[in-house]
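Throughout, read-outs are computed from the coordinates displayed, never taken from laboratory work. These numbers come from a predicted model, not from an experiment. Here Cβ is always computed from backbone atoms with ideal geometry, including for glycine, and neighbour counts include all displayed protein chains.
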Amino acid sequence: MTGLVSVRPFQFRLERVRALRERAEQRASEELAASLAHQRRGEEELHAAAQRVAEAREGRRAACHASGADLLAMQAYIERTQRAQHAAALDLGRREAEVDARRAALVHAAREHRALTRLEQRKREEHALHSARIEGAAMDELALAVHRRSVNA
């Protein structure tokens, strides 16, 4: 019966904003994934640095008959590897903070997108209800007109 009643199709007026929020959520998700990969590389670098420190210490223990200069060189190498390990640990901490920030940004973007999606759904349902009322009223008018004709005939 939609031929009798002209009801405008549903159009969400904030569709562009909803699409922007959806893209922002996708971008935040991609940034979180990249940040997690960056954090994972930092963990691997820290593990490798810890391994180098352990190997340097083991090398010092194995050098039983080393000269004083060799021992100083080994000690300097151990200290360098320890500084590198400390730097890798600090870098990993920064990367973890970045992951936390990206995760919070994703949660915020998802919340905004969900809010607009819920609004769109609610408006779509209101439009369907309004359209059903208009069509129902038109059907009532048509039935009343048919009834009047049958009574007058």
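For this structure, a couple of remarks:
- A simple spin-label model places the labels of Gln11 and Glu125 2.4 nm from each other, with each point 7 Å out along Cα-to-Cβ.
- Centroid-to-centroid, using Cα positions, the stretch 15-74 and the stretch 114-133 are 49 Å apart.
- In angstrom, the C-alpha Rg and Dmax of the stretch 24-147 are 32.8, 117.
- Efficiency of FRET between Arg83 and Ala110 - r from beta-carbon atoms, R0 41 angstrom, step 0.05: 0.50
- For the residues Ala62, Ala54, Ala37, a GNM of the chain with alpha-carbon springs under 10 Å puts the largest fluctuation on Ala62.
- Helix 15-62 vs. the chain, principal-axis angle (Cα, 0 to 90°, nearest 10): 20
- Highest-MSF residue in the chain out of Arg57, Arg114, Arg18 [GNM, Cα springs under 10 Å]: Arg57
- The chain: most fluctuating residue of Glu120, Glu135, Glu112 per GNM, C-alpha cutoff 10 Å: Glu135
- Among Leu46, Leu129, a tally of other beta-carbon atoms within 10 Å of each Cβ gives an order, fewest to most, of Leu129, Leu46.
- Relative to the longest principal axis of the Cα atoms of the chain, helix 68-152 runs at roughly 0 degrees.
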